[in-house]
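Input: a single structure, listed below in structure tokens.
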Amino acid sequence: MKFYRPLKRIEAITFDLDDTLYDNYDVIRRTDSETLKSIQGFHPALADMAPDTIRLMRAELLAEDAEIYHDVTEWRRQAVHLAMTRAGLGESDAKQGTKAAMETFALWRSRIYVPEENHDALAALAERWPLVAITNGNADPHACGLAQYFQFTLRAGDHGRAKPYADMYKKASMKLDIPLENILHVGDDLTTDVAGSVRCGMQSCWINLRKGDLMYIKDARLLPHIEISQLASLTALL
């Protein structure tokens, strides 16, 4: 554990999910693959849909509405629907196909492996402090076996703008009735997690799972209070 700023009293801890509590890379790759198969199998007009079609539809939607990225699930839903109508499906079929594709996406999106040592660390921390999940993504803590550690989950779109905006950080503070300065946020992203939490007055912990060096990373806009290389290190604060 490395210290960059003095820590104040900690009364609660908030956590990012993806790439903080588990490796999200393979999850997303498999989820995208299975969702594409679902789409291709829904209608003959979709059988040859290219793997990058949904990405291109997402880019088009973002160009039309710069705020859509705050809700990644709705963004994806609209992208799938747009891809289906562009392929020639009528509104009824496109709506039905989009629903089926999003159900497939949700199923595979939550098939996440959380290392046992992370379960142990979260369980220990939850005995000392209230824990909260704050995510820009669409993983479901209930479906992936993490919900029991958290008082509640805040998700971009449903609960405010995506990090690094302060909406969800401030909402966590209000729901917990704990000042921002006494909450430690833990995350892997130096912009959305570290800079976002520090700027709104929280304490910040960067979980550095890929052996990065703050002195050489372009995204290192603000120093965290502490840096760890594995979640279990946080139990040293108990």
- Message: Given axes a ≥ b ≥ c from the Cα gyration tensor, I'd like to know whether region 183-238 is rounded (a/c under 1.5), prolate (a/b larger than b/c) or oblate.
- Response: oblate
- Task: Enter the angle in degrees (range 0 to 90, nearest 10) between the Cα long axis of helix 72-86 and the first principal axis of the Cα atoms of the chain, meaning the one along which they spread out most.
- Result: 10 degrees
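Let me know the whole percent of all Cα-Cα pairs from region 34-129 that are separated by more than 22 Å.
On the way: 1849 of 4560 pairs.
Counting pairs separated by more than 22 Å, the tail of P(r) holds 41 percent.
Which loop GluC sites (Glu not before Pro) in region 54-142, with loop taken from DSSP, have no more than 14 other Cβ atoms within 10 angstrom of their Cβ? Provide the component values of the computation, followed by the final result.
Working: sites: Glu60, Glu64, Glu67, Glu74, Glu91, Glu103, Glu116, Glu117, Glu127; in loops: Glu67.
Taking region 54-142 and a limit of 14 other Cβ atoms within 10 Å, the loop GluC sites (Glu not before Pro) found are Glu67.
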- Send over a whole-number figure in Å² for the accessible area per residue of region 5-67, probe 1.4 Å. 56 Å²
- In nm, to one decimal, how far is the modelled label at His119 from the one at Met174, with both set 7 Å along Cα→Cβ? 3.6 nm
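Work out the FRET efficiency for Gln40 and Leu209 from their Cβ-Cβ distance, taking R0 = 22 Å, and round it to the nearest 0.05. Write out the running numbers ahead of the final one.
Numbers: r = 34 Å, r/R0 = 1.54.
After rounding, the FRET efficiency stands at 0.05.
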- Taking only Cα atoms, what is the 0 to 90° angle, nearest 10, from helix 91-109's long axis to the longest principal axis of the chain? 40 degrees
- Query: DSSP loop chymotrypsin sites (Phe, Trp or Tyr not before Pro) in region 86-159 with at most 13 other Cβ atoms within 10 Å of their Cβ, which ones?
  - Reply: Tyr113
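Given a 1.4 Å probe and every protein chain left where it sits, what share in percent of the accessible area of region 1-62 is carbon and sulfur? Present the calculation step by step, with values, prior to reporting the outcome.
Values: 1840 of 3490 Å².
Heavy-atom surface of region 1-62 belonging to carbon and sulfur, 1.4 Å probe: 53 percent.
Past the 26 Å Cα-Cα mark, which pairs from Lys95/Lys170; Lys37/Lys95; Lys8/Lys163?
On the way: Lys95/Lys170 36 Å; Lys37/Lys95 17 Å; Lys8/Lys163 23 Å.
Table pairs above 26 Å Cα-Cα are Lys95/Lys170.
Can you tell me, using C-alpha contacts under 8 Å and at least 6 residues apart, the relative contact order of region 119-196 as a whole percent?
Working: 80 pairs, mean separation 18.2, N = 78.
Reported as a whole number, the value is 23 percent.
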- Query: Considering only protein heavy atoms and a 1.4 Å probe, what is the carbon-and-sulfur percentage of the accessible area of region 166-238?
  - Reply: 48 percent
- Message: For a Förster distance of 22 Å, can you work out the FRET efficiency between the beta-carbons of Glu67 and Asp158, rounded to the nearest 0.05?
- Response: 0.95
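Nearest 500 deg cm²/dmol is fine: what mean residue ellipticity at 222 nm does the chain get from its DSSP H runs of n ≥ 4 alone, each adding -39,500 (n - 2.57), divided by its residue count? Write out the running numbers ahead of the final one.
Values: 7 runs with 91 residues, N = 238.
Taking each H run of at least 4 residues, the total per residue is -12000 deg cm²/dmol.
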- Message: So if I take the centroid of the Cα atoms in region 98-118 and the same for region 159-238, what is the distance between those two points in Å?
- Response: 25 Å
- Acute angle (nearest 10 degrees) that the helix 116-128 long axis makes with the longest principal axis of the chain, alpha-carbon atoms: 50 degrees
- Message: Out of the trypsin sites (Lys or Arg not before Pro) in region 1-42, which ones are loop residues according to DSSP with at most 15 other C-beta atoms within 10 Å?
- Response: Lys8, Arg9
- Item | For Arg86, solvent-accessible area (1.4 Å; no DNA, RNA or ligand), Å² | 140 Å²
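Determine the gain in length on full extension of the stretch Ala147-Glu181; use 0.36 nm per residue of separation and subtract their C-alpha separation, reporting nm with one decimal.
Working: separation 34, 0.36 × 34 = 12.24 nm, distance 2.47 nm.
9.8 nm is the gain from fully extending Ala147 to Glu181.
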- Query: Which aspartates and glutamates, on any chain, are close to Lys171 with Cα under 16 Å apart, when same-chain ones fewer than 8 places away are left out?
  - Reply: Glu11, Asp16, Asp158, Glu181, Asp193
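The values are calculated or read from the model by the stated rules, or taken from the named source; none is laboratory data. All of these numbers come straight from a predicted model, not from anything done at the bench. Cβ sites come from the backbone with ideal geometry, for glycine too, and all protein chains shown count toward neighbours. Just the protein is used for accessible areas: all its heavy atoms, side chains included, with ligands, DNA and RNA removed. Shrake-Rupley method; radii C 1.70, N 1.55, O 1.52, S 1.80 Å.
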